[in-house]
Amino acid sequence: MTQIAENASHKTEHLTQEIHQLEGRLHQTDPRQDPTLYRSLYCKISLRQMQLLANTSQQTGQHHHAG
């Protein structure tokens, strides 16, 4: 595995863990009691999911060029 692929894999792992943590906090937050925090967490999850998708797409693209 190349250094770039290892870094991308580590980044994917980190993003996945962060999404799970944020989802856990989201489920513990009552949107009626703290709507600002709820929206913030929801937006962060969406952002991390987009970053994860972009990272995964980038990895796939690199594998096609390398192969």
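The values are calculated or read from the model by the stated rules, or taken from the named source; none is laboratory data. Note that the structure is a prediction, hence the values are computed from the model and not measured. All Cβ positions, even for glycine, are placed from backbone atoms using ideal geometry, and neighbour counts span all protein chains on display.
Tabulated data for the structure shown
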quantity	calculated
Filter result (surrounded by 15 or more Cβ atoms within 10 Å (Cβ to Cβ) and among the β-branched types (Val, Ile, Thr)) within the range 26-54	Thr29, Ile45
Output for the range 1-25, where each listed residue is surrounded by 10 or more Cβ atoms within 10 Å (Cβ to Cβ), of a type in the set (A, V, I, L, M, F, W, C) and either free of Cβ contacts under 8 Å to residues at least 12 places away in the same chain or touching a Lys or Arg at 6+ places or on another chain (Cβ under 9 Å) (or both)	Leu15, Ile19, Leu22
Members of the range 1-50 found to be over 15 Å from the mean Cα position of the chain (by Cα), modelled with pLDDT under 95 and not acidic (Asp, Glu), listed by number	Met1, Thr2, Gln3, Ile4, Ala5
